[in-house]
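Here the structure comes first, spelled out in structure tokens, and everything after it is commentary.
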Amino acid sequence: MTKNILQIIAFLLIFNNTIGYAQETTLVTKEEKLVNKANEKYDNYSFSPAIDIYKRILDKGYTSADLLKKLGNSYYFNADYDDAAKIYKRLAAEYPSEMAPEYYFRYAQTLKSLGDYKNADVAMTNFTEATNDDKRAKAFNGEEDYLEDIARNSGRYNLENFPYNSSYSDFAPSFYKAGVIFSSDRDTGNLARYRHTWNSKDFLDLYKVDVDSVSAKTVTKFGEKINTRLHESTSVTSKDGNTLYFTRNNFSEGKYVKDESGVIRLKIFKAKLVDGIWSNLEELPFNSNDYSVAHPTLSIDEKTLYFASDMPGTLGESDIFKVAINEDESFGEPINLGSVINTEARETFPFITSEEVLYFASDGHPGLGGLDIFATSIADEDFEGAIKNVGEPVNSKMDDFTFIFKEETRKGYFASNRPGGQGADDIYGFLETSPLELECEQQISGTVRDRITNEVLVGATVKVIDENNKEILSTITDAEGNYSLAVDCNKGNFVRALTQGYIPSEEYLEKSDGKPKIIDFYLERDKVTAGFGDDLAKLLQLSTIYFDFDKYNIRKDSEVEVEKVIAAMEKYPSLKIKVNSHTDSRGKDAYNLWLSQKRAESTVSYMIAKGISADRLQGEGFGETKLINNCANGVKCTAIQHELNRRSEFIILE
């Protein structure tokens with residue numbers, strides 16, 4: 001897209017914040033006059049004549065960081081990415097200390113538009129290193145495989161040329177009755193040719209053509225009172241065709257109005273169709289002489305107007321906003337759509353489909369170069385869903401914008417300044433052959449257990465809670481303590497496990513690529529009721545601590561159970577226990593008494609080695625004096641029955 005459209009029609013921005021004015025080379029008077037003249041043109045957004053003067057100065061061998069910045073920007077804002085890349089490259093090489101982050105970003109964009117993605121990534125790396133908290137940098141670092149992601153979304157559109165393009169700029173299509181309205185600076189035979197010095201192009205008017213009509217398809221100007229001698233552009237009409245919202249330069253009573261910097265800002269105007277004539281023109285109340293408001297589109301219920309602006313509260317160069325349309329046709333206060341959709345760069349040209357999908361153009365989200373078309377679901381006015389690049393062939397290395405689409409027919413239009421077009425900007429028709437996947441589900445599974453005993457908790461509830469503490473969904477654990485559910489991976493969520501008698505536990509899930517994730521929960525009991533003489537092993541449902549025959553060292557499989565006792569003692573610092581150790585009846589009674597004492601001491605020593613204070617532990621061996629079955633001396637029993645007697649108990653003392 002020509003930067004005449006991007007900046008005059010997209011946004012007339014003030015660049016003084018990122019451009020210095022100090023001359024680094026002492027110029028003779030003649031050259032100083034040329035520089036001053038070029039800067040005056042630049043400051044008035046007359047980029048085309050500014051380029052001519054800056055080039056003359058460079059040809060004479062004079063340069064400065066300021067001159068290179070402004071010349072590079074002048075090329076950039078006129079979509080001459082080849083020359084812009086050369087100047088930004090020279091700026092980085094000759095004046096690296098003057099290469100502010102925004103110039104690295106623009107340099108990267110120009111390289112993308114030239115298909116040099118390798119060096120574009122290098123420029124973006126320099127950009128990320130030079131910024132602290134820029135969403136564009138975070139997106140680049142978090143989506144280094146963005147080209148692969150775009151490739152996955154590509155190949156879903158069949159394009160066709162718009163037969164009503166001219167050799168001029170044609171863009172901003174909008175559906176209207178049996179055809180479309182669009183904007184163009186084409187020559188319609190008017191002898192009074194108004195030109196803008198941004199790029200020496202004619203000013204824009206609105207046109208219409210009945211593309212779906214069986215009658216003659218003639219392009220005509222739209223509305224006698226709509227077009228003026230300045231810019232008219234992006235438009236939207238109500239479903240009944242009786243209300244029109246459109247973009248126009250700040251124009252009042254036959255005169256254009258400038259801000260304090262001498263810039264003619266953009267405003268949204270409203271018109272009513274009365275007896276076949278567009279009349280009752282009025283500008284919207286949130287317009288301003290100090291900033292631009294442009295590119296209107298309506299929600300499906302026509303109760304909300306979406307638009308783009310650089311008004312106060314804008315996060316970047318331009319953002320997308322919404323405003324309520326009240327029943328009496330008054331308007332609410334504009335609301336920024338937020339930092340998921342809007343970046344520090346340009347978000348503009350919104351369009352809402354019948355399925356509540358927002359399409360918009362941006363150069364702040366990872367793309368192929370220039371402006372790309374992106375989509376996101378805004379169902380229920382949720383503006384935090386995934387942002388998807390719609391891919392090729394709608395998007396290209398150049399500027400792609402003003403995308404409109406009917407889901408009922410899967411057909412639509414957009415504009416682009418890609419090579420091969422008839423004019424500076426051309427409209428393209430398309431048929432969508434497969435839908436863009438905007439939904440993202442992540443499978444979450446795991447087990448819920450008692451933190452001390454490691455026993456599974458059957459029937460525990462697992463909930464998904466959004467960042468506003470609203471419950472999204474829930475499930476319960478099965479007979480094995482397992483659960484499984486799917487969460488929206490386009491958003492951050494909390495997964496929370498809870499059940500009666502336990503303290504709830506949760507884990508936060510950030511936005512993700514949708515890969516499955518396992519989250520096991522270990523819940524702590526909210527209270528443990530016990531007293532002197534109680535067996536902690538039974539209270540905590542511990543498995544028995546077993547020992548091998550004729551051994552007193554703790555078996556590996558029993559270490560897990562001892563660790564649970566240690567966890568309980570760590571949780572309850574006042575807890576003191578006595579380790580009672582027992583043997584089976586095989587062997588001599590005296591030896592068994594000695595062996596059980598060693599087993600008790602071994603258990604206590606293990607716990608002390610793990611950090612439990614010795615004054616909280618006692619140990620005593622009882623040999624075969626307290627068997628739990630009938631396997632006494634001389635009684636024939638199986639090995640398993642004997643093993644049941646080789647055990648340790650944990651008796652609460654305090």
Order by protection proxy (mean Cβ within 10 Å, highest first), peptides 492-502, 555-565, 592-602: 592-602, 492-502, 555-565
Please list, ordered by chain and number, the residues whose modelled amide H lies under 5 Å from the amide H of Tyr522; skip anything fewer than 5 residues away on the same chain. Arg449
Approximate spin-label separation Ser330-Ala93, in nm, with each point projected 7 Å along Cα-to-Cβ: 6.2
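In terms of the Cα gyration tensor, with a ≥ b ≥ c the square roots of its eigenvalues, is the stretch 594-641 rounded because a/c is under 1.5, prolate because a/b exceeds b/c, or oblate?
Since a/c reaches 1.5 and a/b is larger than b/c, the shape of the stretch 594-641 is classed as prolate.
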Whole-angstrom gap from the stretch 92-134 to the stretch 326-352, using each part's C-alpha centre: 29
May I ask you to give the solvent-accessible area per residue for the chain, in square angstrom, as obtained with a 1.4 angstrom probe? 45
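Out of all DSSP beta bridges in the chain, what portion is antiparallel? Express it as a percent rounded to 5.
Here the share of antiparallel DSSP bridges comes out near 90 percent.
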Give the Debye-formula value of log10 I(q)/I(0) at each listed q (0.10, 0.16, 0.21 Å⁻¹), with one equal scatterer per alpha carbon of the stretch 460-605, two decimals each. -0.55, -0.94, -1.25
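Taking 45 Å as R0, compute the FRET efficiency from the Cβ-Cβ separation of Ile503 and Asn629 and round it to 0.05.
Plugging the Cβ-Cβ distance into 1/(1 + (r/R0)^6) gives 0.75.
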Rounded, prolate or oblate: which one fits the stretch 55-143, using the alpha carbon gyration tensor with axes a ≥ b ≥ c (rounded when a/c is under 1.5, else prolate when a/b beats b/c, else oblate)? prolate
Indicate the gyration tensor shape class of the stretch 314-423 (rounded, prolate or oblate), computed on the Cα atoms with a ≥ b ≥ c the square roots of the eigenvalues: a/c under 1.5 is rounded; otherwise a/b larger than b/c is prolate and the rest oblate. prolate
Virtual spin-label span in nm between Asp548 and Ala130, 7 Å along Cα→Cβ: 6.8
Picking from Phe622, Ile519, Leu371, whose Cα lies most toward the positive end of the charge dipole for the chain (charges on Cβ: Lys, Arg +1; Asp, Glu -1)? Phe622
Pairs Lys30/Lys70; Lys112/Lys225; Lys55/Lys397; Lys272/Lys322; Lys135/Lys571; Lys33/Lys118: which are spaced more than 31 Å apart, C-alpha to C-alpha? Lys112/Lys225; Lys135/Lys571; Lys33/Lys118
Highest first, please rank the peptides 238-249, 509-520 by the mean number of other Cβ atoms sitting within 10 Å of their residues. 238-249, 509-520
Dipole magnitude (debye, nearest 20) for the chain, charges at Cβ of Lys, Arg, Asp, Glu: 920
Apply the Karplus curve 6.51 cos²θ - 1.76 cosθ + 1.60, θ = phi - 60°, to the phi angles in the stretch 585-597 and return the couplings in whole Hz, x for Gly and Pro. 8, 6, x, 6, 4, 5, 5, 5, 5, 5, 5, 5, 5
Given H placed on each backbone N at 1.01 Å, which residues far from Ser484 in sequence or on other chains put an amide H within less than 5 Å of it? none
Give a residue-ordered list of calculated ³J(HN,Hα) values for the stretch 331-336 (Karplus: 6.51 cos²θ - 1.76 cosθ + 1.60, θ = phi - 60°; whole Hz; x for Gly, Pro). 10, x, 9, x, 10, 5
Checked against the positive end of the charge dipole of the chain (+1 on Cβ of Lys and Arg, -1 on Cβ of Asp and Glu, about the Cα centre), the farthest of Tyr591, Asn227, Asn633 is Tyr591
Give me the distance in nm between label points sitting 7 Å out from Cα along the Cα-to-Cβ direction at Glu224 and Lys470, one decimal. 5.0
Using modelled amide H (1.01 Å from N, peptide plane; none on Pro or chain starts), what sits under 5 Å from the amide H of Val211, excluding residues fewer than 5 places away? Gly179, Val180
Computed [θ] at 222 nm, deg cm²/dmol, the chain (DSSP H ≥ 4; -39,500 (n - 2.57); rounded to nearest 500): -7000 deg cm²/dmol
If you keep only loop residues by DSSP, which trypsin sites (Lys or Arg not before Pro) in the stretch 289-387 have at most 13 other Cβ atoms within 10 Å of their Cβ? Lys303
Counting only the backbone N, which residues of the stretch 396-439 are under 19 Å from the spot 7 Å out from the Cα of Glu148 toward its beta-carbon? 437
Could you order peptides 106-115, 220-229 by the average number of other Cβ atoms within 10 Å of their residues, highest first? 106-115, 220-229
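The values are calculated or read from the model by the stated rules, or taken from the named source; none is laboratory data. This one's a predicted model, so the numbers in the text were calculated from it and none came from an experiment. Every residue, glycine as well, gets a Cβ built from its backbone with ideal geometry; the counts of neighbours run over all protein chains shown. Keep in mind that these areas ignore ligands, DNA and RNA; they rest on the heavy atoms of the full protein, side chains included. Shrake-Rupley method; radii C 1.70, N 1.55, O 1.52, S 1.80 Å.
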